[in-house]
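The block underneath contains the structure these notes are about, expressed in structure tokens.
The values are calculated or read from the model by the stated rules, or taken from the named source; none is laboratory data. Nothing here was measured: the structure is a model prediction, and the numbers come from that model. Quick reminder, even Gly has a Cβ in these numbers, built from the backbone with ideal geometry, and neighbours come from all protein chains shown. Accessible surface is based on the protein model in full, side chains and every heavy atom, while ligands, DNA and RNA are left aside. Shrake-Rupley method; radii C 1.70, N 1.55, O 1.52, S 1.80 Å.
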Amino acid sequence: MQGSVQSSSASVIRSSLIEPDGGVLVDLVVPESEREAKSVEAESLPKVWLTKIDVEWLHVISEGWASPLKGFMREDEYLQSLHFNSLRLKDGSFVNMSLPIVLAIDDETKERIASSSDVGLVWPDGELIAILRSIQIYKHNKEERIARTWGTTASGLPYAEEVITPAGNWLIGGDLEVLKPIKYNDGLDHYRLSPKQLRQEFDRRKADAVFAFQLRNPVHNGHALLMNDTRRRLLEMGFKNPILLLHPLGGFTKADDVPLDVRMEQHSKVLEDGVLDPETTIVAIFPSPMHYAGPTEVQWHAKARINAGANFYIVGRDPAGMGHPTEKRDLYDPDHGKKVLSMAPGLEKLNILPFRVAAYDTVAKKMAFFDPSRAKEFLFISGTKMRTYARTGENPPDGFMCPGGWKVLVKYYESLQAEELTQQPAAVPS
């Protein structure tokens, strides 16, 4: 029942049992009993070296976030994703797949592996982490990929400029066998719950609804208002134990976004300060890289949460959007993300929950839902404005963010400024 919400008669559905795309949750990590033999085989194969972002996509595929995809896309899957935002399954049904998940290689690598059917995939530090089976190599038309994904080829698109443009001229697809679970050893791996682990946790907590909130920014009290209000709405609909999946994106983000480790520390303070209830909230990292591709990308964010077991998805203004890279305007219409989600092929089983706009109420001195009849009494604090407050040491209005969470941000920006000072060249006396 897409674009609407379930009635209380549907509350018997266990949300973690929402069917993954394709009916079976993909898990491409080799069983422990087979790892030694597979590792020996991988050593004997021609090698393809991965970038950090390639590893993030391999992580995404291996745990089933992109189910039913079982490897980096071959050409037929790539073309369906690029042109139709979906994949046709053998039974004729469709699943949503709005972003191509591909592996690029250069001319030298293509020549070296062209006669092979299987290759070993190597982590940037030199560790063999996977085998790619029955490979297919095909042309990487970068301009078409960028134009169809972002709707523009304007310069300044972060993912396009940092990942696609410098990538190789060929794409290699095939079936993945991942030699062991992907770990980053950055102190945050305990937050990286796979779709299988999340489903188990939802069952352990006896959730009858799971509502996912995707974010790449620190949580302010406006976000918390939206999440708490969503839980209230689900309780009014008859659900007994709705669980919030607070799901920050953990892969590539643009340079001026707050880093993942700082965001996770800030999120933990939000729970410590009681702004969100730890009993009804699961904080986990979504390992995907970020494209900033607006309505195209928000479909991917929603689809991945289906595979994780969420049956409700919160969507707001300009999801996955950004400012136009060369003009002073939004790159996408801010309402198109939620409209597209309510109509997107393959997302019919997901309940889309558009939320109202929250802003700072200067009279009540707290974050509240925007009231157009009192427009002048509301203050909109953008992510850019929030970063400016933190950088300059100026406090935001009381009630904008919990004190513990704000301290984390101020500490981060102070460390940035100290780092910038140490990197400035010393003045040379005349």
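Just to be sure, is Lys196 in contact (Cβ under 8 Å) with a residue 12 or more places away in the chain, in a loop (DSSP other than H, G, I, E, B) and within 20 Å of Leu25 (Cα to Cα)? No; evaluated as a whole, the condition is false for this residue. Annotation for the range 196-205: at least one member residue is of a type in the set (Asp, Glu), surrounded by fewer than 17 Cβ atoms within 10 Å (Cβ to Cβ) and touching a Ser or Thr at 6+ places or on another chain (Cβ under 9 Å). Please work out if Ser382 is more than 30 Å from the chain's Cα centre (by Cα), under 25 Å from Ala224 (Cβ atoms) and of a type in the set (Ser, Thr, Tyr). When the stated conditions are applied, Ser382 does not pass them. Counting only residues that are within 27 Å of Pro31 (Cβ to Cβ), touching a residue at least 40 places away in the same chain (Cβ under 8 Å) and either open to solvent by less than 40 Å² (accessible area, probe 1.4 Å) or not hydroxyl-bearing (Ser, Thr, Tyr) (or both), the range 103-134 holds 16 of them.
Whenever a residue of the range 22-38 is under 30 Å from Leu87 (Cα atoms), its partners that are among the hydrophobic types (A, V, I, L, M, F, W, C) and open to solvent by 40 Å² or more (accessible area, probe 1.4 Å), lying with C-beta atoms within less than 8 angstrom and at least six residues away or across chains, give the pairs Gly22/Leu89.
Open to solvent by 10 Å² or more (accessible area, probe 1.4 Å), closer than 30 Å to Ala209 by Cα and touching a helix residue (DSSP H, G or I) at 6+ places or on another chain (Cβ under 8 Å): which single residue out of Val29, Val60, Val95 fits that description?
On the way: Val60 fails: open to solvent by 10 Å² or more (accessible area, probe 1.4 Å); Val95 fails: open to solvent by 10 Å² or more (accessible area, probe 1.4 Å).
Of the residues listed, the single one that is open to solvent by 10 Å² or more (accessible area, probe 1.4 Å), closer than 30 Å to Ala209 by Cα and touching a helix residue (DSSP H, G or I) at 6+ places or on another chain (Cβ under 8 Å) is Val29.
Here Ser268 clears all of (1) surrounded by fewer than 19 Cβ atoms within 10 Å (Cβ to Cβ); (2) modelled with pLDDT under 95 except the condition numbered (2). Screening the range 63-155 for strands (runs of 3 or more DSSP E) wholly inside it with 1 or more residues that are within 25 Å of the chain's Cα centre (by Cα) and among the β-branched types (Val, Ile, Thr) returns the ranges 94-96, 119-122, 128-139. For the residues Ala310, Ala255, the requirement of being modelled with pLDDT of 95 or more and not in a helix (DSSP H, G or I) singles out Ala310.
Scanning the range 391-430 for residues being assigned to a helix (DSSP H, G or I) and modelled with pLDDT of 85 or more gives a total of 15.
Every residue, every condition in (1) in contact with an Asp or Glu (Cβ under 9 Å, 6 or more places away or on another chain); (2) among the hydroxyl-bearing types (Ser, Thr, Tyr); (3) open to solvent by 10 Å² or more (accessible area, probe 1.4 Å); (4) closer than 25 Å to Val102 by Cα, yes or no:
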{"residue": "Asp208", "(1), (2), (3), (4)": "no, no, yes, no"}
{"residue": "Gln214", "(1), (2), (3), (4)": "no, no, yes, yes"}
{"residue": "Asn217", "(1), (2), (3), (4)": "yes, no, yes, no"}
{"residue": "Leu225", "(1), (2), (3), (4)": "no, no, yes, no"}
{"residue": "Asp229", "(1), (2), (3), (4)": "no, no, yes, no"}
{"residue": "Leu235", "(1), (2), (3), (4)": "no, no, yes, no"}
{"residue": "Leu244", "(1), (2), (3), (4)": "yes, no, no, no"}
{"residue": "Lys254", "(1), (2), (3), (4)": "yes, no, yes, yes"}
{"residue": "His291", "(1), (2), (3), (4)": "yes, no, no, yes"}
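Taking the range 275-300 as the range and being touching a residue at least 60 places away in the same chain (Cβ under 8 Å), part of a loop (DSSP other than H, G, I, E, B) and of a type outside the set (Val, Ile, Thr) as the test, the residues that pass are Ala284, Pro287, Ser288, Pro289, Met290, His291, Tyr292, Ala293.
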